[in-house]
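Step one of this worksheet: look at the structure below.
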């Protein structure tokens, strides 16, 4: 207890202050401004007290501040439970704990609080910089904890000791990470209040909504193909299907039936791939057309879009198969076909007239009407651009016959409208088209600017047929990428542009590192663990064998570390070893050799304490002094020295 | 192997300087290590007597230079005077041309005069008017200085202090020694009666033997550990320099020789440590009146023997 109540030195206080600031600073942006400022001023106050040798605030003031802080947090959040309120409360406690640092006990509590707040950072972000920052904070906190027991070493030495301790802990950490039985779910998943503002496709499409996405270079999902990567023009990642049109925007169907499994027959060579989907807060999962299998916990809507049962709030990984040539919906229900034919009562008279003309010419022949529509789009010389002019009420007419400039949503909307007015069922499909292979790790990266809209038309006997009207006017959008298709002077995110090669290269590397982190650290789930262990030769391990392996490997590392520490001891020369034996023997009799004490001085002290053996002690010490510090020690002396010690029985 | 002449010398000095065995032994060690000695103490504790006695028992010439604030370098080194008879300049050596110099109250002189002495100490030769003259061998300077907080002093800068191998304090004698001093015969007469115990040639021989005293790797490691601790620990402004480490080893060797040993022990290093670090280490919290023995003791206890 004497140790625990030893007062805290200034140096220890500085250590703890540094550790607390390192732990609290990254969390400042998560709490309200008043709390961040209050915390900062508490730290500043503490620093001033230490610097000026002033006394700590009185007990009653501390109690008052704790109450005020807790009430403040409660008033802010109306609760003190949950992630952010909890962290806010811990910050209050940390700041005030520093103001009552009195004894070594308080130092340990403060350090533990800092460790806990480091964990708290991971509740908000789990990126690599967060992890590095957390590592740094743990280092400082460990050094502060070391300083709490011994503040004499220089700060650099203290940090080195802390780093050594952490380095020794590292193998255990890795081992536990790899082998400890995993639970399903992300490492730091917090169900509520995440992803309130993530960009991505929405469940409706109006002019400009996808063009807006093209300004973002955030990753939508990453794909790893099991075999060869299909050609760029085949990479249609099916997202929300939008059959409902109100004259302005397209929406997903209000009610959707769902297939528990794929309702159409397979055709063509299947493509196998694994998607790592970034969280987007919606239900849908993106799949290459046409999806041939369903990820677990998902279903296929009646318009063949895989959807998850829960909104995608965490980074999700799933494997899938696609049949590029499958014919879907040959026996489509009349309800769906009706929905795919409905048009608003009025508007766009010119397009309706064109459609009616096709109908009159080709009758029920959907394929012929389709060809006519494609022909029309080809003839009109439409221009693909990110900055289309604003359109009025008859947007389809204005786009097709007047402005002739539009982005993919204009093309898709106009095409579907034209087909419907000719009596051919058609609908808009939103999703992503293309993607880019990261040459560093071979993953296909699909970014927000790859968002796209295309169409499907229902042709009797062939089912739903994909037509991309954008490809008619701007084939390079499909065959290459966005940058190749839009005019050079239009603003695009840096990464979507084809110049700036070095920047792209850098970004590729960064993305590959981030992806590795996502795949192997954050996304290390039971499946990953099983796969990894299987590749190490452990087929289907149960928790018992895992625990056994874990203990064995931990033991091996322990032994290794112990051996490393002992190695220096084993190097000890025989003179020193014999001397240690001798001093240990005297220590048992209450004559403790101080590690800084010279042998002759010690002998005098010991002889004074035990005059009966004084001569023997003096002789052994003199022999030791000669052997260790004298020139050219004789082997005979060493033997005599050892014999004297062996014979020495105090 | 004991050196009876050294024991006799110590016995002679201790008969006159009463109750100061340790400083006396340190000053002899300092001569044996071919270093110079700085004594910082109040007036009247026997600094001059110690210098005088050392010179007598070692059979060396002795001069005393009283430093004053109006002193010029020529007052120490000597001047050339025109000799009308021969029609040329003739060099009159200053008081420094002797074997034992007592530089009394060195910190009362101006830095200019101080540096004249200190350069001569370092070079063991004097260059005056374009001519270099070697100083006699052995050459030993005992400088005394009043504690720096006294009025009218020019404290020596650290770089100059480093030229002294050791800095010791005599301090007041204890009650018994003082009683004996007061009751006994006049010290001046006793000094006058002393005869040399050793030939100057033998002293040079002993100085050579000191350099041959063995310092084992373990001991050198210990000296390094001490220095490393002063360099890393926040207690001191600056750590011990390599020159300070050399000084520590040199005095420890002489100390071992005085004990009749041919090798240095950690005890020797520890015994001379206060004198070596007294004027070289400055504590970080610059409290002027730190007890150097306590400081050295803390340093010793912080560094385990390797």
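The values are calculated or read from the model by the stated rules, or taken from the named source; none is laboratory data. Everything quoted here is computed from the prediction, not taken from an experiment. For neighbour counting, all protein chains shown are included, and Cβ atoms are generated from backbone atoms with ideal geometry for every residue, glycine included.
The table for this structure:
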read-out	value
Residue check, residue A:616 within 14 Å of chain B (Cβ to nearest Cβ) and either touching a strand residue (DSSP E or B) at 6+ places or on another chain (Cβ under 8 Å) or surrounded by 18 or more Cβ atoms within 10 Å (Cβ to Cβ) (or both)	no
Any chance residue A:621 is within 14 Å of another protein chain (Cβ to nearest Cβ), outside any loop (DSSP other than H, G, I, E, B) and under 22 Å from residue B:252 (Cβ atoms)	yes
Residues being in a helix (DSSP H, G or I) and within 14 Å of another protein chain (Cβ to nearest Cβ) - total across the range A:624-647	7
Options B:243, B:261; residue that is within 23 Å of the chain's Cα centre (by Cα), touching a residue at least 40 places away in the same chain (Cβ under 8 Å) and within 14 Å of chain A (Cβ to nearest Cβ)	B:261
Residue within the range B:94-101 that is buried (at least 16 other Cβ atoms within 10 Å of the Cβ), assigned to a helix (DSSP H, G or I) and in contact (Cβ under 8 Å) with a residue 12 or more places away in the chain present	no
Identity of the residue in the range B:19-38, farther than 21 Å from residue B:104 by Cβ and not in a helix (DSSP H, G or I), that ends up modelled with the lowest pLDDT	B:19
Some residue of the range A:497-512 being modelled with pLDDT of 80 or more, in a loop (DSSP other than H, G, I, E, B) and more than 26 Å from residue A:280 (Cβ to Cβ)	no
Cross-chain or 6+ apart pairs with Cβ under 7 Å, the range A:150-166 first and at the interface with chain B (Cβ under 8 Å from one of its Cβ atoms), then exposed (fewer than 14 other Cβ atoms within 10 Å of the Cβ)	A:154/B:234
Wholly enclosed helices (runs of 4 or more DSSP H) of the range A:534-612 bearing at least 1 residues in contact (Cβ under 8 Å) with a residue 24 or more places away in the chain, in contact with a helix residue (DSSP H, G or I) (Cβ under 7 Å, 6 or more places away or on another chain) and within 14 Å of chain B (Cβ to nearest Cβ)	A:574-588, A:599-609
One residue from A:144, A:88, A:104, A:134 being more than 14 Å from chain B (Cβ to nearest Cβ), modelled with pLDDT under 90, under 30 Å from residue A:68 (Cα atoms) and buried (at least 16 other Cβ atoms within 10 Å of the Cβ)	A:104
Residue within the range A:346-360 that is closer than 16 Å to residue A:465 by Cβ and surrounded by 15 or more Cβ atoms within 10 Å (Cβ to Cβ) present	no
Test: residue A:74 is more than 14 Å from chain B (Cβ to nearest Cβ) and without any contact (Cβ under 8 Å) to a residue 40 or more places away in the chain	yes
Failed condition for residue A:365, given (1) more than 18 Å from residue A:239 (Cβ to Cβ); (2) surrounded by 14 or more Cβ atoms within 10 Å (Cβ to Cβ); (3) in contact (Cβ under 8 Å) with a residue 24 or more places away in the chain	(3)
Looking only at the range B:264-278, and only at residues there that are over 20 Å from the mean Cα position of the chain (by Cα) and in a helix (DSSP H, G or I), the one that is farthest from residue B:294 (Cα to Cα)	B:266
Only listed residue being in contact (Cβ under 8 Å) with a residue 24 or more places away in the chain, surrounded by fewer than 16 Cβ atoms within 10 Å (Cβ to Cβ) and farther than 30 Å from residue A:393 by Cβ, chosen from A:269, A:276, A:301	A:269
Pair list, Cβ under 8 Å, 6 or more apart: the range B:1-12 residue touching a residue at least 40 places away in the same chain (Cβ under 8 Å), other residue in a loop (DSSP other than H, G, I, E, B) and loosely packed, with under 13 Cβ neighbours inside 10 Å	B:1/B:260; B:2/B:260; B:3/B:260
Scope the range A:211-230; condition part of a loop (DSSP other than H, G, I, E, B) and touching a helix residue (DSSP H, G or I) at 6+ places or on another chain (Cβ under 8 Å); matching residues	A:214, A:215, A:216, A:217, A:218
Single residue of A:460, A:471, A:373 found to be in contact with a helix residue (DSSP H, G or I) (Cβ under 9 Å, 6 or more places away or on another chain) and crowded, with 24+ Cβ neighbours inside 10 Å	A:373
Filter pass, residue A:425 being buried (at least 16 other Cβ atoms within 10 Å of the Cβ) and within 40 Å of the chain's Cα centre (by Cα)	no
